[in-house]
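The values are calculated or read from the model by the stated rules, or taken from the named source; none is laboratory data. In this text the structure is predicted, and so the values were computed from the model without any measurement. Cβ sites come from the backbone with ideal geometry, for glycine too, and all protein chains shown count toward neighbours.
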Ligand code: RNT
Ligand code: ZN
């Protein structure tokens, strides 16, 4: 290993030339919560006691890497293993399908007690919990959920949404941290339907009912996640971007916000370019950081241009603290703990890098109309000695420098995962 402190001192000097305070950037990056999704650990299978556990709703995990978690204990153990190598403030993001009960409990009957083990675990770790209703992988979700024309089915899912908000409140009370709930429905159609507004009016009414019935719930924030299309539902999505944005803006409630998933737009559309428009009208945004490869493939988050552009935009907007950052990917073709570690580290890396630019100065340059200097500044920091700061940060937090984590995860694979 090279001399990390020496590298850090040098990087500090480099950034100081531009008036950038590296230690301050580290502090902010470190305290920005990232909500790690539990579902990377078992390919979105969940822990419900039912025979038919097939993933549905137009999302898909591909790959058959051995060793996935098959119960709550294993999943928590795997999450703990990943956490050894993920620096910074964390939350855990659970789906309703990760309940733990001795017998099958249907989605409209879930209660806080079914999540007690998760809450105990989070309290012990000192981390917050976020939550998601599971409006998919269920016999009643095959022809629409909250937008279903079958009133019985629609009411079932409304009850599920209501139950989830109460569980969110329980999490907030147990952990002392707000619980961010993400509402995503897969509802859509393989062919373009004749009636395109009926399902949307029903989805709107369903959300209204969920929120009305739980209006006294405290400590919960609700993201409404839009999508362009799902597999098998290619032609029409009820919860489109326009629908969700319309719902959030019309609701005009502080706790109802937009969820932007980086894989949920047309291939040339980017989330980084949408943030400012939404922040013109909203105080918060929920982000699902993912990596779409040609479609919403949910590859492991990469330290790529778009992830960096999103974090950079949040810093420039001054909205890093107002944005709930969550990850959402599921790769079954590699070691699942490696997937978490790589994706989470990349997300944190992009946050730290974004904080190492002279934003105030760049704003001044732009306001003065110096467009040449603006471009020069934008380009200059792309090759800055950022990795020296990142390595120092990981070392200081004892989370493994460089690829140090890899050997340990491989050991864990040999000792634990392959024995399952
Ligand atoms: C699906 C959405 C949604 C899910 C999770 C499992 O396209 O992105 O957020 O990935 O709820
Ligand atoms: Zn998502």
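Residues are listed down the side, and each one gets a yes or a no for (1) buried (at least 22 other Cβ atoms within 10 Å of the Cβ); (2) closer than 30 Å to residue 255 by Cα; (3) out of contact with any helix residue (DSSP H, G or I) (no Cβ under 6 Å at 6 or more places or on another chain):
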site: 313; (1), (2), (3): no, yes, no
site: 330; (1), (2), (3): yes, yes, no
site: 347; (1), (2), (3): yes, yes, yes
site: 359; (1), (2), (3): no, yes, no
site: 366; (1), (2), (3): no, no, no
site: 369; (1), (2), (3): no, no, yes
site: 372; (1), (2), (3): no, no, yes
### Query
Does the stretch 19-35 contain any residue that is in contact with a strand residue (DSSP E or B) (Cβ under 7 Å, 6 or more places away or on another chain) and at positive phi?
no
### Query
When you look at residue 303, is it over 26 Å from residue 248 (Cα atoms), surrounded by fewer than 20 Cβ atoms within 10 Å (Cβ to Cβ) and under 22 Å from the mean Cα position of the chain (by Cα), yes or no?
yes
### helices (runs of 4 or more DSSP H) fully within the stretch 223-326 counting 3 or more residues that are in contact with a strand residue (DSSP E or B) (Cβ under 8 Å, 6 or more places away or on another chain) and closer than 18 Å to residue 34 by Cα
305-317
### Message
Name the residue that is surrounded by the most Cβ atoms within 10 Å (Cβ to Cβ), counting only residues in the stretch 104-113 that are part of a helix (DSSP H, G or I) and touching a residue at least 40 places away in the same chain (Cβ under 8 Å).
### Response
107
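Yes/no per residue for (1) more than 27 Å from residue 374 (Cβ to Cβ); (2) without any contact (Cβ under 8 Å) to a residue 12 or more places away in the chain; (3) away from ligand 1 (no atom under 16 Å from the Cβ):
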| position | (1), (2), (3) |
| --- | --- |
| 251 | yes, no, yes |
| 268 | no, yes, yes |
| 276 | no, no, yes |
| 303 | no, no, yes |
| 306 | no, no, no |
| 309 | no, no, yes |
| 314 | no, no, yes |
| 320 | no, no, yes |
| 328 | yes, no, no |
## Note on the structure
If we ask which residues in the stretch 277-300 are loosely packed, with under 13 Cβ neighbours inside 10 Å and more than 16 Å from ligand 2 (Cβ to nearest atom), their number turns out to be 5
### Task
Out of 149, 163, report the one residue that is away from ligand 1 (no atom under 16 Å from the Cβ) and either under 18 Å from the mean Cα position of the chain (by Cα) or part of a loop (DSSP other than H, G, I, E, B) (or both).
149
### Task
Hey, could you check the stretch 354-380 for residues that are part of a helix (DSSP H, G or I) and under 16 Å from residue 310 (Cα atoms) and say which is modelled with the lowest pLDDT?
378
### Message
Just to be sure before I move on: is residue 351 touching a helix residue (DSSP H, G or I) at 6+ places or on another chain (Cβ under 7 Å), part of a helix (DSSP H, G or I) and without any contact (Cβ under 8 Å) to a residue 40 or more places away in the chain in the structure I sent?
### Response
no
### Task
Please tell me if residue 338 is in contact (Cβ under 8 Å) with a residue 60 or more places away in the chain, within 14 Å of ligand 1 (Cβ to nearest atom) and surrounded by fewer than 23 Cβ atoms within 10 Å (Cβ to Cβ).
no
### Query
Of the residues in the stretch 168-198, how many are more than 16 Å from ligand 1 (Cβ to nearest atom), assigned to a helix (DSSP H, G or I) and under 30 Å from residue 323 (Cβ atoms)?
7
### Meets criteria (surrounded by 17 or more Cβ atoms within 10 Å (Cβ to Cβ), away from ligand 1 (no atom under 16 Å from the Cβ) and either closer than 18 Å to residue 350 by Cα or modelled with pLDDT of 95 or more (or both)) for residue 272
yes
### Message
Which count do you get for residues in the stretch 207-225 that are within 14 Å of the chain's Cα centre (by Cα) and either buried (at least 22 other Cβ atoms within 10 Å of the Cβ) or more than 16 Å from ligand 2 (Cβ to nearest atom) (or both)?
### Response
3
